[in-house]
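Since the structure comes first, as structure tokens, the remarks are kept for the end.
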Amino acid sequence: MSPLTDLIKNHPNANCFDLPPLPLDAEGMADDFRRYYAHTLGRDCDDQTIYYAYKALSITLRDRLVERWKNTRNAYDEADCKRTYYLSLEFLMGRALSNAMLNLGLNDAVAQGLYEMGLALEEIQDNEPDAGLGNGGLGRLAACFLDSCASLQLPVRGYGLRYEYGMFRQVIEGGEQHEEPDHWLRDGNPWELERPEFTQRIPFGGRTEASTDRFGRKSVRWIDTSDVLAVPYDVPVPGYRNDTVNTLRLWKAAATDEFNLDEFNAGSYPESVAQKNAAEHITMVLYPNDASECGEELRLRQQFFLASASIKDVLRDWIRRHGNDFTRFAERNCFQLNDTHPAVSVAELMRQLMDEHDLEWDAAWLIVRQTMAYTNHTLLPEALERWPVRLFRQLLPRILEIIFEINARFLAEVASRWPGDVDRQRRMSLIEEGYDPQVRMAYLAIVGSFSVNGVAALHSELLIDGLFRDFNELWPRKFNNKTNGVTQRRWLAMCNPGLRELLNETIGDGWVRDLSQLKQLEPFAADPAFRARWHAIKQENKQRLVEQVSQLCRVEFPLEAIFDVQVKRIHEYKRQLLNVLHVIHLYNRIKRGDTRNWTPRCVLIGGKAAPGYMMAKQIIKLINHVARTINGDPDTAGLLRMAFMPDYRVSLMEVIAPGTDLSEQISTAGKEASGTGNMKFMMNGAITIGTLDGANIEIREQVGDENFFLFGMTAAGVEARRQHYDPNGIIASDPALLEVMNLLESGHFNQFAGGAFDQVIFAIRNPHDPWMTAADFRNYIDVQEQAALAYRDRERWLRMSILNTARSGHFSSDRTITEYSRDIWHLDAVAPHTSA
Ligand code: 26W
């Protein structure tokens, strides 16, 4: 204990920090708000009122979180419960203010208090920047999981990086994507609390030195390192109205205060100070690739920095509570690795246990193998992380030695199970041999973990009979499935207040904690009066979306049209191109005058392309150019509109999902691990048009065949078709597709940029097109036509919409987390004592 805490704890007034609970009524909070606004922030009402109102309100709410935060920590300490640490390079949290209000149950009180001061809550909320510390699905999943863990009162802490710059801002100019830096911390972040007292020192570079002591015990020292400090910033994660507040701990890199004395004395003082700067680069920016590895040294630095700091933090806390005895460590701790990005943790935990806490190899390995669990999020080979051995040798020499040793022992195990099967040893080795040998991070994660899971049933199946087949043969019980979910607090209760109130009135508010209760809605699908109210709410939500689209895309969507939406990262496997081909087909029909029984349609597409992914960028350009041509053609008036929404992010999805009729989930079967946007749309009553891929399969099982628009090949069908795939034959024999291709190839959408879309066209016509866009075209447009017809039958559509929401209970992240806890983490819920 530090002298100061000692002093405080032993002081006769030691409980002088046990403050009375803060008021939760409108008046009490308005008092705090005014004090923060005027005194803490020092503002008058004429200084940029709204921005500072956002700050003052955030601090007001943060106080109420901090109160509960301490109680939660104390309860976990007292219970001495088992804990889980969710290690992730990404946490896509979005905005915190509305979430804090909802989970604290303070919506009404805050709105009333502000109203009495003449302030509009909604306007204040819109001043909060998104915390965009993630690329897409994987990062947002981590955020939904934290919400569920807190809501279920599970002792789970998130560990991540405090990137100075989050996901880039996407700006569209001349139809093309440009990236702008997202300096989200510029004006400070009221939701974080710096904790310099828990700073850690992280080694890089240097060399190792082995020695044997006089008892013959071998030990290794990692020396001559260049160290970087890791300073933690804690973000509160409130549970839903249960007084639990968990922690997301984000590490910021900082230079040590040591100078390079040689340089200093050689007179290059500025250089030696400038070097310190480099240390801080580690947490400067989130890498924006979401499906292909980048191989950059800085990225490996980020990964090790997260792993090392987080593990040190966990071990420090263990020693504080249990002393230097690690015999029960594995019973009480679990690390969940969010993809392979933090997989170096396997070796780093070994290193810290052996080199810093004197455990023997076997004891340390037992702990690693009982505490690490790994989640895989992708089947795409180009996304599987591999790091050059030479990079490891230079940056993390001690870690490389440990990986080699793990591999040697592992391959011995493989050899004893399959004697003489050298090919299997080569396949399963953690090191891919070759001109520039590589460390296979997924294999390191599998070997070091007791659990390996995929994120949807199909995905987990494909993992065990594809990518991880050999490992499944060796350790079949290690592999399991945990189908993803999303939190209904943010993705229904918070973002869709109209529907929330209708649900509460109809079936009570139990669904906010237990989404399976939405089942009680099913009978109401047959009730015309209820359907009318459902329709009215959807139209209101569509109106909100119309306003966003008008403002951001300068395109006017007519309210009575079917709103057909695809928002997600731009990637060939997600097949935004297939969507565009369908839109061109509709446009072509309009131009031909083939508009009998037409359903007016508005197509919205949004998403970011990785900055170096040229094909994805060309697809964005194509979408924008097709949209321009269509929207500018008077013949399409009232029939067809298309828009590309720039800078798609969490806070935009909160407007998009409630206003969507048709959810596009059209990836090539076998490629989308799960998808989670599909679940957000379903919850909000959109109907899916989708392939048998990822969680779509389970969505269809839940909602029933008749409430889902299915098309396309199966995953097995895709693989079987590869040998004799003939897109040019398909195009030639399908007049609709031929006309679409003719339009594309004639330069109709090029806006005078000749050849602008040649690569896209070539990809569709390529017999080796891995995504087989042409193969699914015919079935896709036929099923789109069925969807259009269904939409014209309003009562039928409403019935389908209600049943989609009613049957979405399975896709709550509460269900997912309950399964993680039951099968992997084995946690008990711990409720904090409330001081109130
Ligand atoms: C190495 C760079 C990199 C970065 C991120 C490679 C791969 C990723 C992620 C795997 C990308 C991602 O977000 N994957 C998505 O994870 C979601 C949550 O499980 C799934 O629902 C999506 O299907 C999957 O694409």
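Odds and ends about this structure:
- Unique residue being touching a strand residue (DSSP E or B) at 6+ places or on another chain (Cβ under 6 Å), within 16 Å of the ligand (Cβ to nearest atom) and among the hydrophobic types (A, V, I, L, M, F, W, C) when the list is 681, 644: 681
- Selected residue (criterion: farthest from residue 498 (Cα to Cα)) from residues of the stretch 522-537 that are in contact (Cβ under 8 Å) with a residue 60 or more places away in the chain and open to solvent by 20 Å² or more (accessible area, probe 1.4 Å): 526
- Yes/no for residue 385 being closer than 30 Å to residue 573 by Cα and open to solvent by 50 Å² or more (accessible area, probe 1.4 Å): no
- Test: residue in the stretch 657-671 that is surrounded by fewer than 21 Cβ atoms within 10 Å (Cβ to Cβ) and either within 12 Å of the ligand (Cβ to nearest atom) or more than 30 Å from residue 481 (Cα to Cα) (or both): no
- Residue ID - farthest from residue 52 (Cα to Cα), chosen from residues in the stretch 14-35 that are of a type in the set (Asp, Glu) and open to solvent by less than 100 Å² (accessible area, probe 1.4 Å): 25
- Criterion: away from the ligand (no atom under 16 Å from the Cβ), over 22 Å from residue 494 (Cα atoms), free of Cβ contacts under 8 Å to residues at least 24 places away in the same chain and of a type in the set (Lys, Arg) - qualifying residue of 214, 162: 214
- In the set (1) without any contact (Cβ under 8 Å) to a residue 60 or more places away in the chain; (2) open to solvent by less than 40 Å² (accessible area, probe 1.4 Å); (3) of a type in the set (Val, Ile, Thr), residue 199 fails one condition alone, (2).
- When the stretch 656-682 is filtered for residues that are farther than 18 Å from residue 700 by Cα and touching a Lys or Arg at 6+ places or on another chain (Cβ under 6 Å), the ones remaining, listed by number, are 657, 659.
- In the stretch 705-797, counting only helices (runs of 4 or more DSSP H) that sit wholly within it, none holds 3 or more residues that are free of Cβ contacts under 8 Å to residues at least 12 places away in the same chain and not hydrophobic (A, V, I, L, M, F, W, C).
- The sole residue among 257, 243 that is charged (D, E, K, R), crowded, with 16+ Cβ neighbours inside 10 Å and part of a loop (DSSP other than H, G, I, E, B) is 243.
So that you can scan it fast, the table gives a plain yes or no per residue for (1) within 16 Å of the ligand (Cβ to nearest atom); (2) over 19 Å from residue 386 (Cβ atoms); (3) in contact with an Asp or Glu (Cβ under 6 Å, 6 or more places away or on another chain):
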{"site": "282", "(1), (2), (3)": "no, yes, no"}
{"site": "285", "(1), (2), (3)": "yes, yes, no"}
{"site": "289", "(1), (2), (3)": "yes, no, no"}
{"site": "296", "(1), (2), (3)": "yes, no, no"}
{"site": "304", "(1), (2), (3)": "yes, no, no"}
{"site": "317", "(1), (2), (3)": "no, yes, no"}
{"site": "321", "(1), (2), (3)": "no, yes, no"}
{"site": "325", "(1), (2), (3)": "no, yes, no"}
{"site": "331", "(1), (2), (3)": "no, yes, no"}
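- Yes/no for residue 817 being in contact with a Cys (Cβ under 8 Å, 6 or more places away or on another chain), touching a residue at least 40 places away in the same chain (Cβ under 8 Å), open to solvent by less than 10 Å² (accessible area, probe 1.4 Å) and of a type in the set (Val, Ile, Thr): yes
- Total residues in the stretch 103-143, condition away from the ligand (no atom under 16 Å from the Cβ), surrounded by 21 or more Cβ atoms within 10 Å (Cβ to Cβ), assigned to a helix (DSSP H, G or I) and within 24 Å of the chain's Cα centre (by Cα): 2
- Elements of type helices (runs of 4 or more DSSP H) in the stretch 401-519, at least 3 residues being more than 23 Å from the chain's Cα centre (by Cα): 422-428, 469-474, 497-507
- Here residue 374 meets each of (1) away from the ligand (no atom under 13 Å from the Cβ); (2) within 22 Å of residue 313 (Cβ to Cβ) with one exception, condition (1).
- Evaluation of residue 498 against (1) touching a Lys or Arg at 6+ places or on another chain (Cβ under 6 Å); (2) open to solvent by 10 Å² or more (accessible area, probe 1.4 Å); (3) of a type in the set (Gly, Ala, Ser) (one fails), failing number: (1)
- Residues of the stretch 52-73 satisfying the condition of being over 14 Å from residue 153 (Cβ atoms) and open to solvent by 20 Å² or more (accessible area, probe 1.4 Å): 52, 55, 59, 62, 63, 66, 67, 70
- Members of the stretch 541-559 that are crowded, with 16+ Cβ neighbours inside 10 Å, of a type in the set (S, T, N, Q) and more than 15 Å from residue 662 (Cβ to Cβ): 548
- Of all residues in the stretch 364-382, those that are under 18 Å from residue 819 (Cβ atoms) have Cβ atoms under 7 Å from Cβ atoms of residues that are in a helix (DSSP H, G or I) and not small (Gly, Ala, Ser), 6 or more apart or on another chain, in 373/824; 374/446; 376/463; 377/138.
The values are calculated or read from the model by the stated rules, or taken from the named source; none is laboratory data. Everything quoted here is computed from the prediction, not taken from an experiment. Neighbour counts are summed over all protein chains in view; Cβ atoms, including those assigned to glycine, are modelled from backbone coordinates with ideal geometry. Side chains are part of the model used for accessible areas, which takes the heavy atoms of the whole protein and leaves out ligands, DNA and RNA. Shrake-Rupley method; radii C 1.70, N 1.55, O 1.52, S 1.80 Å.
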